[in-house]
Amino acid sequence: MPLIENGRIGEDAWSFIPDGEPVPNDRPVIISFERWQAERDSFEGRNARLGVRLKSGTLAGAIAADLDRFSLVALEFPKFRDGRGFSTARELRERYGYTGEIRAVGHVIPDQYLFLVRTGFTSVEAPEGTNPDSWANALKEITIAFQPSLDDTAPLSLLRRKLKVG
Amino acid sequence: MSAKDRSKEGSMKAITANRLRDGEVVFLGEGGRWVESFAEAALFQRSEADAVLADAKATAEREQFGVDIYAFEVVEEDGVPVPATMRERIRTAGPTVRLDLGKQAA
Amino acid sequence: MNHIAPGARAGIYHYDEIDRQFVAERVEQFRKQVERRLSGELTEEEFKPVRLMNGLYLQLHAYMLRIAVPYGVMSATQLRKLAEIGRRYDRGYGHFTTRQNLQYNWIKLEDTPAILHELAEVDMHALQTSGNCVRNVTTDPFVGAARDEVVDGRVYAEILRQWTTMHPEFTYLPRKFKIAISGAESDRAAVRIHDVGLLARRNDKGEAGFSFYVGGGLGRSPFVGKLVREWVAEEDFVAYLEAILRVYNQYGRRDNIYKARIKILVHELGLEKFTQEVEEEFARLRGPKYRLDPEIVEGVRQHFAPPPFEEPPDHSEALERAKASDPAFANWLAVNVAEHKAPGYAIATISLKPAGGIPGDATCDQMDLVADLAERHSFGELRVTHVQNLVLAHVKKDELYDLWKQLDAAELGSANAGLIGDIIACPGLDYCALANARSIPLAQAISARFADPVRQRTIGELGIKISGCINACGHHHVGAIGILGVDKKGTEYYQITVGGDPTLTTEIGDILGPAVTETEAVDAIEAIVDVYLANRTGEGERFIDTLRRVGHAPFKERIYAAD
Ligand code: HEM
Ligand code: SF4
């Protein structure tokens, strides 16, 4: 599936390993949060990078204590209308200080891309056949923001102002 | 067969949608053509309606023609087929509180 | 007459370059989204939330476009533009809603980008008037004018408008989210039936702060908002709301659309647990990033500086003469005009409820007239109320008679604000795809039955509210008399409730008995009124008070006696 990063289709170094299938040790993989819980000891001493995939009902707090083990957290959107991931990403960044990659997986649409970026996502797994222009556009078409983004700290960021993303 | 003749066969259904580009209420007419007036709507036996509906839906969605496509009951009143529910009557005519608006005004 | 320079209207938030650019970008964005939908790149399922966030619904006859009137305040220029759009793209009228917005009923999808473009010319849009986001924030229609005002709600409503606009985290909430603010002693904004209701107050030091009521809402399961925090200081205003929304976004139910509103979350978690979650989140959010700087507040407040009031004597000779000579005017004055905080001025409610008319509908000609009158008599500014009327908030007492004559000539002079003829009715089955029954014809029949202004005044304060289905857009639960349309085997029936109260003493009405037909409903309302008149202790006892004193029994007996 195409991976969207910085408004473009990018290379995906990661693969998701479904539960039950053997986990390769030599390349970056994403496992489910459930598997992590059940088999965490088996990942002791692993050198290749590890990512974890959270269902939309799993909130940031559930993984907070283990965040230093993961270079990537994938947040699942079962339906694009289910917006819990926006809060989860924000909590990962603001509350738990997570600095690794946060990826949106499942059903998201280009019209949400700007929101994803502004709440802390770094990449998006888009559906096959998606129109890359729509993703590129999504970061350019709106240049004003009305709320603090992740990197703003000044109170003035509560005012509407020009946005610096994309 | 005209709408009139068919409706004698008992409980019938018509198929309707809102046209995507302007929202206009449309009905499936003879030969799979969409029409704006209920008088030109094709009527289907209950038993055949499901299949026709599925087909109409697939086509209309593929062609970006209509949304909210569904079938509704038609009954006969004084020999004329009319929608069974108030809701569909209002859709085929227009608001009951503004007789100057909607299809009834034309 | 009080003219002020164009571009410097009273009480309107002026867009600057940034606001303008934003709205222009949104229009362009929507234009592309419409193109992507028409070309098939977006499915209807994907497009629907996008169009909803631009105020576009699909209704029975066509698309319906809901235009935002932020906190119900707009300029004469804006109203004229609404009239123009109504003529060009709709059918010559619009419908003012209980959310202080305007709806057009006959819109074409392909026209909407052009309409939004025209709206942007007068600093208007349809953003977030629908969809599972934070909706248009509503406030007291007498804001900035009422004598009992403590805090100007517009300032905070505008801050919220900005803060909620395209909020990246809270645009895909479990369900819609409605906020109302009231800054006066009497609540004219129905704060406790909103997802978040804010009562702006002042402490001993004169500083502004807010009581937060959370989890109010009507619909299938009506709840009255619960007090979550008595006092939130102004600087924490945004942080506290952010905390509430984050808790809601994370924990609100998404498995069942009827259980997705925050009221259900508050109910299921319990007030204590919910408050604890919010307080925890708040404790973390509190800090420089979310602190509402007094400078920001001051900057916004500047937009709402009082208009240049002259200083006419509070007692108007002209008014007294007119009152003495024209009883119909005197009646309107007594019913539709409220006290203003500036001496010599008054607040005039323009009723959109002529006897037998469609509640909340205004023709484009009427809109143009009201725009002219607003310019001539109220500093070019007007308001939409949550009972579907309009308000000219700053009218010189000397000019009231002149104003009323012009209103009356255009069927806008009904003297029924707050009376039995001032009925709220949702669009119901005549327009709405979700309806079970029609609302408007019943409202028309009732207001026609009680057309006599003298009779209406004798009956006194009595709100009738009608919804065409359980979504309760007509607020029937909080009507002194509420009416809910139901469908019984294909026939429209109406269920009557009594005892609802939308003000701070909020109450949900009780069902009086089995649902009745439309004709029976009108008779039943009349019977209820008769029982009230026969039982009240005097003119001073309102319907709701009599009902609370004597209970339902006498009313039930009378209506259901025959069966
Ligand atoms: C005609 C198109 C309309 C549609 C399809 C519609 C749909 C809905 C729905 C589905 C709800 C319930 C949402 C929920 O509880 O989660 C609702 C609530 C509401 N609507 Fe509408 N509505 C329409 C028109 C209006 C109008 C014209 C008004 C104002 C007169 C209005 C005011 C409201 C209000 C105030 C609520 C909130 C009631 C509550 O607190 O639960 N709506 N609407
Ligand atoms: S209450 Fe029901 S019928 Fe009335 S407008 Fe709302 S959804 Fe439609």
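The values are calculated or read from the model by the stated rules, or taken from the named source; none is laboratory data. Please read these numbers as outputs of a predicted model, since none were measured by experiment. Glycine gets a Cβ as well: all are built from the backbone with ideal geometry, and neighbour counts include every protein chain shown. When the accessible area is computed, the model is the full protein with side chains, heavy atoms only, and any ligands, DNA or RNA have been set aside. Shrake-Rupley method; radii C 1.70, N 1.55, O 1.52, S 1.80 Å.
Give, as residue ranges, the helices (runs of 4 or more DSSP H) completely inside the range C:240-326 that count at least 2 residues that are under 30 Å from C:Glu230 (Cα atoms), open to solvent by 50 Å² or more (accessible area, probe 1.4 Å) and of a type in the set (D, E, K, R).
Working: elements: C:262-269, C:271-285, C:294-303, C:317-325.
Of the helices (runs of 4 or more DSSP H) lying wholly inside the range C:240-326, those with at least 2 residues that are under 30 Å from C:Glu230 (Cα atoms), open to solvent by 50 Å² or more (accessible area, probe 1.4 Å) and of a type in the set (D, E, K, R) span C:271-285, C:294-303.
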Within the range C:401-434, tally of residues that are within 16 Å of ligand 1 (Cβ to nearest atom) and away from chain B (no Cβ under 14 Å): 2
Would you mind stating whether B:Glu88 is more than 9 Å from chain C (Cβ to nearest Cβ) and in contact (Cβ under 8 Å) with a residue 24 or more places away in the chain? yes
Out of (1) within 21 Å of C:Val247 (Cα to Cα); (2) more than 10 Å from chain C (Cβ to nearest Cβ), the one A:Glu101 does not meet is (1)
Filter result for A:Leu163 (modelled with pLDDT under 95 and more than 7 Å from chain C (Cβ to nearest Cβ)): yes
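Sort out which residues of the range B:68-85 are within 9 Å of chain C (Cβ to nearest Cβ) and in contact with a helix residue (DSSP H, G or I) (Cβ under 9 Å, 6 or more places away or on another chain), and write them in order of number.
Answer for the range B:68-85, where residues must be within 9 Å of chain C (Cβ to nearest Cβ) and in contact with a helix residue (DSSP H, G or I) (Cβ under 9 Å, 6 or more places away or on another chain): just B:Asp68.
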Is it the case that C:Thr458 is within 14 Å of chain B (Cβ to nearest Cβ) and more than 11 Å from ligand 2 (Cβ to nearest atom)? no
With the requirement that a residue be over 23 Å from the mean Cα position of the chain (by Cα) and either in a helix (DSSP H, G or I) or among the aliphatic types (A, V, I, L, M) (or both), what does the range C:223-239 give you? C:Val228, C:Val232, C:Ala233, C:Glu234, C:Glu235, C:Asp236, C:Ala239
Starting from the range C:451-478, take each residue that is in contact (Cβ under 8 Å) with a residue 60 or more places away in the chain and within 8 Å of ligand 1 (Cβ to nearest atom) and list its partners that are open to solvent by less than 10 Å² (accessible area, probe 1.4 Å) and hydroxyl-bearing (Ser, Thr, Tyr), counting only C-beta distances under 8 angstrom and pairs at least six apart or across chains. C:Cys473/C:Ser467; C:Gly474/C:Ser439; C:Gly474/C:Ser467; C:His475/C:Ser467
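What number of residues within the range A:110-135 are assigned to a helix (DSSP H, G or I), open to solvent by 30 Å² or more (accessible area, probe 1.4 Å) and more than 9 Å from chain C (Cβ to nearest Cβ)? Break it down into steps so the answer makes sense when it comes.
First, pick out the residues of the range A:110-135 that are assigned to a helix (DSSP H, G or I): A:110-118, A:132-135.
Within this subset, residues satisfying the condition of being open to solvent by 30 Å² or more (accessible area, probe 1.4 Å) are A:117, A:132-133.
Adding the requirement that they be more than 9 Å from chain C (Cβ to nearest Cβ) leaves A:132-133.
Residues that pass the stated criteria total 2.
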Quick check: anything in the range C:85-96 within 14 Å of chain B (Cβ to nearest Cβ), modelled with pLDDT of 95 or more and within 16 Å of ligand 2 (Cβ to nearest atom)? yes
I need a count of the residues in the range A:14-61 that are farther than 20 Å from A:Thr122 by Cβ and of a type in the set (A, V, I, L, M). 3
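When only residues in the range C:158-183 that are more than 14 Å from every other protein chain (Cβ to nearest Cβ) and open to solvent by less than 10 Å² (accessible area, probe 1.4 Å) count, which is farthest from the chain's Cα centre (by Cα)?
So in the range C:158-183, the residues more than 14 Å from every other protein chain (Cβ to nearest Cβ) come out as C:178-183.
Of the ones still in play, those that are also open to solvent by less than 10 Å² (accessible area, probe 1.4 Å) are C:179-183.
Working: C:Ile179: 11, C:Ala180: 9, C:Ile181: 11, C:Ser182: 12, C:Gly183: 15 Å.
Checked the range C:158-183; the qualifying residue farthest from the chain's Cα centre (by Cα) is C:Gly183.
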Residues of the range C:210-221 being crowded, with 21+ Cβ neighbours inside 10 Å and either within 16 Å of ligand 2 (Cβ to nearest atom) or not in a loop (DSSP other than H, G, I, E, B) (or both), which ones? C:Phe210, C:Phe212, C:Tyr213, C:Val214, C:Gly217, C:Leu218
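I'm checking my understanding of the structure. Among residues of the range C:479-525 that are among the polar types (S, T, N, Q) and within 16 Å of ligand 1 (Cβ to nearest atom), which one is most open to solvent (accessible area, probe 1.4 Å)? Show your work before the answer.
Keep residues of the range C:479-525 that are among the polar types (S, T, N, Q), which gives C:491, C:495, C:497, C:503, C:505-506, C:517, C:519.
With the extra rule that they be within 16 Å of ligand 1 (Cβ to nearest atom), the set shrinks to C:497, C:503, C:506.
Working: C:Thr497: 11, C:Thr503: 56, C:Thr506: 18 Å².
That would be C:Thr503.
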If we keep just the residues of the range C:419-449 that are away from ligand 2 (no atom under 16 Å from the Cβ) and crowded, with 23+ Cβ neighbours inside 10 Å, which is farthest from C:Asn331 (Cα to Cα)? C:Ile446
For residues in the range C:114-157 being part of a strand (DSSP E or B) and open to solvent by less than 10 Å² (accessible area, probe 1.4 Å), which is farthest from C:Glu298 (Cα to Cα)? C:Val134
Of all residues in the range C:347-384 being open to solvent by less than 10 Å² (accessible area, probe 1.4 Å) and β-branched (Val, Ile, Thr), the one that is nearest to ligand 1 (Cβ to nearest atom): C:Val384
Would you check which residues across the range C:13-69 are away from chain B (no Cβ under 13 Å), in a strand (DSSP E or B) and of a type outside the set (Val, Ile, Thr) and list them? C:Arg66
